[in-house]
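Working notes, structure below.
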Amino acid sequence: MVSLFTPDLLTPQLEKSALQVPLVVLCRSTEWSSAEQQTLALAVALQQAGRRVLLAAAAGSFLLQQARTEHLICVALPTGLRGAQELARLIRRQLVGVLLTTRPADIGLARLLKLWRGRGLQLVHRQLDHDEVAPANPWRRWWQAHSFRAVDAWVASFPRQARQARQDAGLNPRRLWVVPPLFEPSGARDRPGRQSQARHLLRLPAPAPLIGVVAHDTQGPMFALETLYRLREELNLAAELVVIGSPATPAGPAYWAELHELARQLRLHHCVHLRPLHNSAQRTLFYQALDVLLLPSLASVMGGALLEAMASGCPLVSLAEADAPDLLEQDVTGRLFTLHNVAAATTALATALGQPAAGQRMARRAAALVAQRCGAQQQSLQLESVFQYIGRYQALV
């Protein structure tokens, strides 16, 4: 039998009521990455909105442990066929109406569960930031494409994801939706600390204008070094650059050595500060210490990276090709430039440094938009509308 967990010891009456769950969130991953964190946050948001939610997770996974601390009803799925059979019996016995997946790897099992349950089960896939919709292996690609046909609603986080999913998975456009992702800022949004204090704690120069860049990839910091060179040599602005590490930063000392060597070649080594920080509290200090945050590469304007930057409350100079063009607007929530355009980025940075009050106003608007459109309440309301729509559609066909 699958194991049922609730926060407290169950009485027989409570156990009976707790099992009557109309929505199951399925995630069999044994990892604990941003995808599993988003899955947990999504399940919690739906439950807080009034949905009866059951989270089906791999036995022994950290996701399962965290779900118990969040007071979610959850089942521990054994591996292999046994887990699938037990979950199928639970879904049929409790007349579950919606099965929600967050990983493409789980859609194959979800398809089988839908076949066993019949037309009474709606299959919804919530696409997260880093889904692999078209794997390189031909057999896996065929199997996923075959399984995707059973999906009643594919919910992408951004228009770019939706276009890619339609192209790679051959999805019916009538089953494709775009709902902004659930994003909860981790305390950085209001930038509560003083800039001088943040700079002191991070050992950064107090008087200099500081431009920040998050090292999501190799291209972003390299581009930032080129803009810094132009700011200092052509515009005579004594700005300095802070490069911060992130979980997505290429691993190993070679990456940082390459940045250091380029800074030395451009004679910028004395005004470039490398901070390979991963602690969320230190990331908050990082945003507080900056005068402007540069988003120079595609990796920095996609998915959660863009939302974190906007929610930080730090003035932005960003690449215009963003995942969320309705959030990131020129002179409304930030200053924008086109891909590879060093001259335009340099001009935008100079303007941002010269007009700090305007930058702060745009930063506040950016943070407010993320809170408004990517909050838990908005997420659950939009997903509920998807559930209701496909329920009515199924009743008509």
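Pick from A58, A45: which is open to solvent by less than 30 Å² (accessible area, probe 1.4 Å) and either touching a strand residue (DSSP E or B) at 6+ places or on another chain (Cβ under 7 Å) or aromatic (F, W, Y) (or both)? Working first, answer last.
Values: A45 fails: either touching a strand residue (DSSP E or B) at 6+ places or on another chain (Cβ under 7 Å) or aromatic (F, W, Y) (or both).
Criteria check complete, one pass: A58.
For R203, the conditions (1) modelled with pLDDT of 90 or more; (2) buried (at least 17 other Cβ atoms within 10 Å of the Cβ); (3) under 29 Å from A352 (Cα atoms) all hold with the exception of (2). Here L225 meets the list (1) farther than 24 Å from G354 by Cβ; (2) at pLDDT 95 or above; (3) not basic (K, R) almost entirely, failing just condition (1).
Considering only residues in the range 79-113 that are more than 22 Å from W143 (Cβ to Cβ) and either in a loop (DSSP other than H, G, I, E, B) or touching a Phe, Trp or Tyr at 6+ places or on another chain (Cβ under 6 Å) (or both), the one that is modelled with the highest pLDDT turns out to be V98. For the range 355-375, the count of residues that are of a type outside the set (G, A, S) and on the phi > 0 side of the Ramachandran plot is zero. Checked against (1) open to solvent by less than 70 Å² (accessible area, probe 1.4 Å); (2) touching a helix residue (DSSP H, G or I) at 6+ places or on another chain (Cβ under 7 Å); (3) within 26 Å of R283 (Cα to Cα), E184 passes all but condition (1). Residues satisfying the criterion are absent from the range 316-328 (criterion: crowded, with 24+ Cβ neighbours inside 10 Å, assigned to a helix (DSSP H, G or I), at pLDDT below 95 and in contact with a Ser or Thr (Cβ under 9 Å, 6 or more places away or on another chain)). Just one residue in the set A309, A376, A366, A344 is crowded, with 16+ Cβ neighbours inside 10 Å, of a type in the set (G, A, S) and farther than 25 Å from R126 by Cβ; that residue is A344.
The values are calculated or read from the model by the stated rules, or taken from the named source; none is laboratory data. Computed from a predicted model, the values in this text were never measured in an experiment. Cβ: placed from backbone, ideal geometry, glycine included. Neighbour counts: every protein chain shown. Heads up: the accessible areas ignore ligands, DNA and RNA and are worked out on the full protein's heavy atoms, side chains in. Shrake-Rupley method; radii C 1.70, N 1.55, O 1.52, S 1.80 Å.
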